[in-house]
Structures are given as C-alpha cells and as structure tokens.
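Visitor: Take a look at the following structure, please.
The values are calculated or read from the model by the stated rules, or taken from the named source; none is laboratory data. Just so we're clear, the structure is a prediction, and the values are computed from it rather than from any experiment. No Cβ is skipped: glycine too gets one built from the backbone with ideal geometry, and neighbour counts run over all protein chains shown.
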Amino acid sequence: MRRLLWGGVLALAAGCGGGPDENPDPDFQRHLAKPLPLNKVFTDSVTWEGEDRSDWKIFFVEQPGLLSVKVVFDKVAGSCEVYLRDKYGAHVAREVQSNNPYIELVRRVEPGRFFIWVLSPDKDCSSQYSMEARLDPD
C-alpha cells in the first residue's frame, strides 16, 4: 500500500510543473522587488534574449536627504534604462545608458519606500550591473 501511495505522489509531482518556469526572474515585477540595502553594493543582470528583461529593487529611507543611486553596467554601448519610483510606483527620476557604463540618479527625498527599476528595452541592453543607493541626510 505504501509503495502504491508513494508511486502516486511521484507521478503527481512529475506531472505538475514539469516544464520550464514561465518567468524564472524572481524580481521582474514591482511587487516582487528584492531588498536593496542602503550604502551597500548589489549586483544583478538584465538581458533582452532571456526572461530577465527587468529587475525591481526596494529600499527604505528613514530621514530626509539627498539620495544617490549609482548603477555601473559591464557594457559601455547599451540602452539600459534605470528608474527611481516612489512607494506607489510613480516616476521620480529616469536615466538611459548612452555610450557610458555609468548611470546616476540624484534626488532630494523625504522618508519613505522607494523602488529602482532596471529595464532592458531592446537587444542592446544585455548586461550585468552593480548598484549602490546612498543617502546623505539633511
């Protein structure tokens, strides 16, 4: 009886989700954003060819100040886009990579929750990158 039951469990497991994951990138939407600690370097990648065309990061600012988000891509000639969004996902700042591996977003912010959205809008943006968010308090 145990063998029959165990065989049924294995058959069910094999039949459920046996194919590739539909979206293997765990942070492709805002509600799935990965934490981005302030004052620490974080690395990730985006690619046009695969299923990792966008990355969302979330961080919290506890005091007012000047926020600086630096992103360094491993390719100089790309068209990657970096957005700073507020707690509702509304646009705060945007930069597009243009023959430069560096992007920096600088804005004065109040305490709250913020998101960084890195987007690969076309085939020219397939890159690993490092990111750091820093706050200089008022």
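Visitor: Considering each residue of segment 34-52, count those that are at negative phi and either modelled with pLDDT of 90 or more or in a strand (DSSP E or B) (or both), and give that number.
Guide: 12
Visitor: Turning to a different aspect of this structure: Return the total of residues in segment 105-116 being under 17 Å from the mean Cα position of the chain (by Cα) and either farther than 18 Å from residue 128 by Cβ or modelled with pLDDT under 95 (or both).
Guide: Of the residues in that region, 4 qualify.
Visitor: Where the second residue is surrounded by fewer than 16 Cβ atoms within 10 Å (Cβ to Cβ) and the first is under 26 Å from residue 113 (Cβ atoms) and lies in segment 45-57, which pairs have Cβ atoms under 7 Å and are six or more apart or on separate chains?
Guide: Partner pairs satisfying both residue conditions: 45/128; 56/29; 56/30; 56/32; 57/34.
Visitor: Mind listing whichever residues of segment 80-108 are of a type in the set (Asp, Glu) and in a strand (DSSP E or B)?
Guide: Answer for segment 80-108, where residues must be of a type in the set (Asp, Glu) and in a strand (DSSP E or B): 81, 95, 104.
Visitor: Related question: Can you name the residue in segment 36-70 that is exposed (fewer than 14 other Cβ atoms within 10 Å of the Cβ) and charged (D, E, K, R) and, of all such residues, is nearest to residue 85 (Cα to Cα)?
Guide: 62
Visitor: Of the residues 133, 77, which single one is among the aliphatic types (A, V, I, L, M), assigned to a loop (DSSP other than H, G, I, E, B) and more than 12 Å from the chain's Cα centre (by Cα)?
Guide: Of 133, 77, the one residue that is among the aliphatic types (A, V, I, L, M), assigned to a loop (DSSP other than H, G, I, E, B) and more than 12 Å from the chain's Cα centre (by Cα) is 77.
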